[in-house]
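Each remark here refers to the structure printed beneath this line.
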Protein chains: 2
Amino acid sequence: MAAIDDVIKYTENNRDKFEEELFELLRFPSISSDPDSTEEMNRCAEWLKKNFESFGLSAEILPTQGWPVVVAETAKKSDRPTVLVYGHYDVQPVDPLELWNSPPFEPRRAENGNVYARGATDDKGQAFTHVKAAEAWMKAGVEPPVNLVFLIEGEEEIGSPNLEDFIREHRERFLADAVLISDTSQFGRDLPALCYALRGITYMEFIVTGAKEDLHSGMFGGIAPNPAHVVARILADMKDPNGTIQIPGFYDGVKAPEDWELEEYEKLPWDFEELAKQLGISKLSGEREYPVPVRKWCRPTLDINGVYGGFAGKGAKTVIPSKAGAKVSMRLVPGQDAERIANLFEDFVRERIPEEYQVELINYQNSPATVIPVEHPAMQAGKEAFAKGFGKEPLLTREGASIPVVSFFVDEMKCPTVLLGFGLPDDNLHAPNEKFLLEDFHRGIKTSAHFLDAFARIEK
Amino acid sequence: MAAIDDVIKYTENNRDKFEEELFELLRFPSISSDPDSTEEMNRCAEWLKKNFESFGLSAEILPTQGWPVVVAETAKKSDRPTVLVYGHYDVQPVDPLELWNSPPFEPRRAENGNVYARGATDDKGQAFTHVKAAEAWMKAGVEPPVNLVFLIEGEEEIGSPNLEDFIREHRERFLADAVLISDTSQFGRDLPALCYALRGITYMEFIVTGAKEDLHSGMFGGIAPNPAHVVARILADMKDPNGTIQIPGFYDGVKAPEDWELEEYEKLPWDFEELAKQLGISKLSGEREYPVPVRKWCRPTLDINGVYGGFAGKGAKTVIPSKAGAKVSMRLVPGQDAERIANLFEDFVRERIPEEYQVELINYQNSPATVIPVEHPAMQAGKEAFAKGFGKEPLLTREGASIPVVSFFVDEMKCPTVLLGFGLPDDNLHAPNEKFLLEDFHRGIKTSAHFLDAFARIEK
């Protein structure tokens with residue numbers, strides 16, 4: 001009998017124990033945005049450390065400028081690859097509390113097979129699958145085929161302000177052959193998905209100033225500069241009604257999805273009519289000449305995230321604003337350079353500022369798109385793991401959003417990152433009644449266990 | 001000796017008395033926007049009533065839904081025209097108090113000849129010139145050549161919410177052959193101006209809705225509607241970079257200024273470079289093909305008074321807004337119908353809403369432009385009054401703003417309104433250190449006295 005069989009048997013024999021521990025973990029109100037949660041955050045980190053130690057990993061709690069990080073690892077052996085598991089033990093706030101059907105920090109097992117609690121899926125439940133898979137390997141009487149390093153942070157829900165510096169500081173410790181993250185979701189129920197690409201982002205703001213103070217539109221209308229008109233014209237120039245971006249050079253180098261990808265997307269069980277209905281619109285928007293999945297995952301975008309100027313309160317005020325501005329983010333795809341896009345954007349804006357106006361530009365974020373080649377051993381291992389853990393080949397998907405920690409691992413740490421999403425799209429992340437299907441918790445544990453087995457084999 | 005000579009002599013003999021009374025009036029902190037000022041508002045109204053009675057007018061304090069109105073009048077005689085004087089006894093708040101060089105409700109006579117106090121020019125000082133002119137006529141031992149009605153309200157600084165209803169309710173009492181208002185200013189020092197035209201206004205808001213909730217720009221960018229782009233495109237379409245409005249039919253019927261007007265404007269001592277400097281801009285904006293005074297007074301305008309949508313705080317947030325909108329006001333000139341402009345605006349917006357969006361329109365205000373023909377007896381009387389009271393022919397000017405009470409008198413009460421501005425453009429209205437040149441207070445009294453004399457003569 002292969003070692004993996006003993007491991008899987010261990011996971012089956014310990015379902016109750018795993019669930020009990022998950023529930024314990026979910027009881028900590030580890031809300032990272034709450035400055036008064038120091039005791040709960042520390043207790044939660046301490047609990048995790050002890051849990052790691054309970055099955056033989058060496059674990060410690062390391063400080064950052066903010067909330068501490070829990071690091072656990074197996075003894076490193078040079079004859080096997082290293083897998084880094086990233087997760088987070090902090091959770092979102094629970095407001096509005098009155099919309100919860102049960103207290104958010106008293107995990108409730110429902111008849112529908114879900115556990116309801118804040119953090120059930122994001123990310124305690126999903127991260128814990130890997131912890132329990134590690135336990136299964138350690139306790140099944142067989143040796144894990146990979147070196148394991150866990151990095152469980154406490155600041156993901158507040159934007160991971162200290163994570164990158166922390167990893168850089170301990171760089172040697174976190175070098176790995178693959179990073180494993182479960183902080184996304186399946187495509188739908190019983191539809192596990194392997195996400196192999198994320199879009200990047202360039203985020204800009206421009207602020208146009210006319211007169212140095214707000215003016216009366218009666219006394220000065222007709223002779224005073226009105227920066228709101230300049231902002232509107234620039235924004236209108238940027239994107240045509242079809243959604244095609246008009247910034248010269250913006251699409252240079254954009255890599256179109258390959259044929260196999262388009263074929264793959266065709267197979268996915270989309271329901272765009274239902275999606276439009278959920279959004280409350282008559283149809284989806286965007287570039288007509290591209291299929292919806294391509295618009296969503298493979299095409300770069302430009303969206304106004306905010307526009308402002310003058311009086312926005314109730315009623316009428318006859319003011320000519322002194323300042324107006326807009327926040328604009330562009331989602332980038334493979335082949336686009338984020339800094340170059342920022343420069344093109346800036347040129348586009350500056351060229352359109354009439355002489356009696358001033359402009360200021362801010363570049364908040366530049367992060368490239370990420371693609372993990374599907375042939376990569378880590379991705380192959382991911383596919384096999386899902387096939388065995390869920391009994392289904394995973395769908396191959398992209399994601400339209402950017403996950404900064406993934407960009408960091410891929411671009412700076414040069415380490416392929418595998419996103420094994422075990423949650424469901426309707427798990428109420430960041431909302432009341434967050435949930436996690438317990439069956440998916442267990443399938444996640446098995447999938448993780450299989451991943452380690454498969455990756456060690458394929459990587460060789 | 002003509003009666004007017006006795007009247008003028010009375011004003012000269014009573015300069016000290018008039019100033020003392022003005023200072024008394026300025027001591028009331030009659031801030032209409034302060035709900036706690038009931039006692040001060042009532043005391044101020046009571047003081048005015050007594051002042052009117054002191055020289056023989058019958059006066060009363062009439063309630064409204066808000067602050068009371070002081071009404072005073074001479075006994076009505078059918079052989080002479082009636083002049084209605086409109087003014088207001090309420091004042092603006094005084095914040096920021098620390099910027100005042102002396103307490104705002106302790107009138108201070110400075111060496112430069114000014115009195116400094118809240119309300120000095122807006123409008124206690126200016127309105128009181130007409131009260132003292134009436135006194136001079138009543139006390140000089142000659143009979144006033146007109147019937148006089150004073151309407152001094154207490155809500156101008158909060159938008160006169162009850163004034164129109166109040167006048168309608170007492171309609172017969174306020175029917176007049178001319179309305180006299182001093183709540184504007186001279187063109188500059190020693191440059192009295194007679195304003196014969198105001199622009200009208202149509203004020204609109206449109207709110208565009210895409211998805212029913214804000215969406216994540218990574219997950220939905222490329223397929224979700226973004227109403228901020230629709231708003232930007234509509235606003236950009238409305239006005240070209242030269243300032244020419246693109247709403248079809250907008251300029252239909254617009255009356256160009258006549259040659260004599262253009263000649264008159266040429267003569268005015270403008271300093272547009274200085275104005276641009278004060279505004280902090282390199283040059284004035286607007287329609288290049290028109291002289292600046294025409295842009296400011298005679299051309300209709302369209303200005304964004306507010307634009308909003310999505311995230312306007314500090315930093316970056318990757319949201320696709322559910323709603324975005326804009327508040328837009330259009331200043332109208334003679335020949336334009338305000339309701340028609342509102343309809344054209346609405347059509348223009350609705351035609352540009354793509355099918356997956358919703359739009360809501362609000363029409364806050366429709367008020368036509370006002371022109372008092374300069375040949376009208378009341379205007380002729382105004383010219384003569386300035387010539388005698390200030391020793392200077394007044395400049396003939398327009399005003400770019402709209403004064404709702406003037407539109408009301410002209411359009412609804414069918415009564416020509418004469419704006420005798422005695423203040424100066426730098427009198428710090430609505431700002432710290434409001435002032436009024438005492439010499440202009442006295443010249444205003446004389447001008448008002450002459451107006452009654454001239455109007456009675458010319459009207460016959």
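Just so you know, all these numbers are worked out from the coordinates, no wet-lab data involved. Because the structure is a prediction, the values reported are computed rather than measured. Every residue, glycine among them, receives a Cβ derived from its backbone with ideal geometry; neighbour counts consider all protein chains shown.
Note on the protein assembly as shown: the C-alpha convex hull projects to 43.9 nm² when averaged across all orientations. By the rule of a C-alpha distance below 20 Å, with chain neighbours fewer than 8 residues away ignored, the aspartates and glutamates paired with A:Lys77 are A:Glu53, A:Glu60, A:Glu135, A:Glu143, A:Glu172, A:Asp177, A:Asp453, A:Glu459.
Taking Cα atoms only, the orientation of helix A:377-389 departs from the longest principal axis of chain A by about 60 degrees. With each run of n ≥ 4 DSSP H residues scored as -39500 (n - 2.57), what mean residue ellipticity at 222 nm is computed for the protein assembly as shown after dividing by its residue count and rounding to the nearest 500 deg cm²/dmol? For the protein assembly as shown, the value works out to -10000 deg cm²/dmol.
Mean partner shielding of peptide B:284-291, defined as the number of other chain Cβ atoms within 10 Å of each residue Cβ, is 4. Starting from the label point of B:Gly141 at 7 Å along Cα→Cβ, the same points in the other copies fall at 13.2 nm, in ascending order.
Between the Cα long axis of helix A:3-13 and the first principal axis of chain A there is an angle of about 80°, rounded to the nearest 10.
Here is the result for the stretch A:26-100: no GluC sites (Glu not before Pro) lie in DSSP coil with at most 12 other C-beta atoms within 10 angstrom of their C-beta.
Order of B:Ile403, B:Ile247 from fewest to most other C-beta atoms within 10 Å?
Least crowded to most crowded, the residues run B:Ile247, B:Ile403.
Remark on the stretch A:182-262: hydrodynamic radius 18.0 angstrom, per the Kirkwood mean of 1/r across alpha carbon pairs. Averaged over the residues of peptide B:358-366, the number of Cβ atoms from other protein chains lying within 10 Å of each residue's Cβ is 1.
Here the Karplus curve 6.51 cos²θ - 1.76 cosθ + 1.60, taken at θ = phi - 60°, turns the phi angles of the stretch A:208-214 into couplings of 9, 10, x, 5, 6, 9, 4 Hz, with x standing for Gly and Pro. Does anything in the stretch B:154-188 have its amide N under 20 Å from the 7 Å Cα→Cβ label point of B:Leu275, and if so which residues? Label zone hits: B:184-188.
Give me a single rounded figure for A:392-404: the average over its residues of other chain Cβ atoms within 10 Å of their Cβ.
If you average over the peptide's residues, the count of other-chain Cβ atoms is 2.
Which value in Å is the Kirkwood Rh of the stretch B:156-200 over different Cα pairs? 13.5 Å is the Kirkwood radius here. The convex hull of the Cα atoms of the stretch B:338-460, projected and averaged over all directions, covers 11.4 nm².
Over all pairs of distinct alpha carbons, what does the Kirkwood formula give as the hydrodynamic radius of the stretch B:263-384, in Å?
Taking every pair of different Cα atoms in the stretch B:263-384, averaging 1/r and inverting gives 18.8 Å.
Close amide-amide hydrogen proximity is noted between A:Val69 and A:Leu62, A:Thr64, each under 5 Å apart and 5 or more residues distant or on a separate chain (H modeled in the peptide plane; Pro and chain starts excluded).
In the calculated pair distance distribution of chain B, what percentage of Cα-Cα distances lie above 31 Å?
Values: 51570 of 105570 pairs.
More than 31 Å apart: 49 percent of the Cα pairs in chain B.
When the alpha carbon coordinates of the stretch B:10-53 are projected onto the principal axes, the ranges are 40, 18, 11 Å, largest first. Using the alpha-carbon centroid of each, what span in Å lies between the stretch A:1-68 and the stretch B:408-435? If you average the Cα positions of each part, the centres end up 74 Å apart.
Counting other beta carbons within 10 Å of each residue's own, what order do B:Lys296, A:Lys446 fall into, fewest first?
Ordered from fewest to most neighbouring Cβ atoms within 10 Å, B:Lys296, A:Lys446 come out as A:Lys446, B:Lys296.
Rounded to whole numbers, the Karplus 3J(HN,Hα) couplings from phi for the stretch B:441-452 are 4, 5, 5, x, 4, 5, 4, 5, 4, 5, 4, 4 Hz, using 6.51 cos²θ - 1.76 cosθ + 1.60 with θ = phi - 60°, and x at Gly and Pro.
Over 21 Å apart at the Cα level, from the set B:Lys50/B:Lys435; A:Lys296/B:Lys212; B:Lys388/B:Lys414; A:Lys317/B:Lys317; A:Lys139/A:Lys414, are B:Lys50/B:Lys435; B:Lys388/B:Lys414; A:Lys317/B:Lys317; A:Lys139/A:Lys414. All Cα-Cα separations within the stretch B:297-365 were binned at 5 Å from zero, giving a P(r) of 3, 12, 20, 20, 16, 12, 8, 5, 2, 0, each value a whole percent of the pairs. Report note on the peptides A:122-132, A:313-323: ranked by the mean count of other C-beta atoms within 10 Å, highest first, their order is A:122-132, A:313-323.
Taking only the C-alpha atoms of the stretch B:1-141, the Rg (one decimal) and the largest Cα-Cα distance, Dmax (whole number), read 16.4, 54 Å.
Name the shape class, rounded, prolate or oblate, that the alpha-carbon gyration tensor gives for the stretch B:8-82, where a ≥ b ≥ c are the square roots of its eigenvalues, rounded holds for a/c under 1.5, and otherwise prolate holds if a/b is larger than b/c and oblate otherwise.
Oblate shape, in that a/c is at least 1.5 and b/c is the bigger or equal ratio.
Amide H contacts of B:Leu395 (H built 1.01 Å from N, in plane; Pro and chain starts excluded): B:Ala193, B:Leu194 sit under 5 Å, all sequence-distant by 5 or more or on other chains. Express the Stokes-Einstein translational diffusion coefficient of the stretch A:40-89 in µm² s⁻¹, to the nearest whole number, given a Kirkwood radius over alpha-carbon pairs, 10 °C and a viscosity of 1.306 mPa s. Roughly 133 µm²/s, to the nearest whole number. Sequence-distant or interchain residues sharing an amide H contact under 5 Å with A:Asn226, placed H: which? Here nothing satisfies the definition.
When only alpha carbons are used to place a centre, the stretch B:135-196 and the stretch A:371-387 end up 85 Å from one another.
Would you please classify the overall shape of the stretch A:90-217 from the alpha carbon gyration tensor, given that a ≥ b ≥ c denote the square roots of the eigenvalues, rounded means a/c under 1.5, and beyond that prolate means a/b larger than b/c while oblate covers the rest? Since a/c reaches 1.5 but b/c is at least a/b, the shape of the stretch A:90-217 is classed as oblate.
Would the stretch A:234-332 count as rounded, prolate or oblate if I go by the C-alpha gyration tensor, calling it rounded below 1.5 in a/c and otherwise prolate when a/b exceeds b/c, oblate otherwise?
Values: a/c = 3.59, a/b = 1.72, b/c = 2.09.
Oblate is the answer for the stretch A:234-332, as a/c is 1.5 or above yet b/c matches or exceeds a/b.
Of all beta bridges that DSSP places with both ends in the protein assembly as shown, some 70 percent have antiparallel geometry. The 3J(HN,Hα) values that the Karplus relation (6.51, -1.76, 1.60; θ = phi - 60°) gives for the stretch A:31-40 are, in residue order, 8, 5, 7, 9, x, 8, 9, 3, 5, 5 Hz. Gly and Pro appear as x. Protection proxy ranking for B:85-95, A:15-25, using the average of other Cβ atoms within 10 Å per residue and placing the highest first: B:85-95, A:15-25.
Over the stretch B:58-152, what lengths in whole Å, largest first, do the semi-axes of the equivalent ellipsoid take, defined as the square roots of 5 times the eigenvalues of the alpha-carbon gyration tensor?
Values for the stretch B:58-152, descending: 31, 18, 9 Å.
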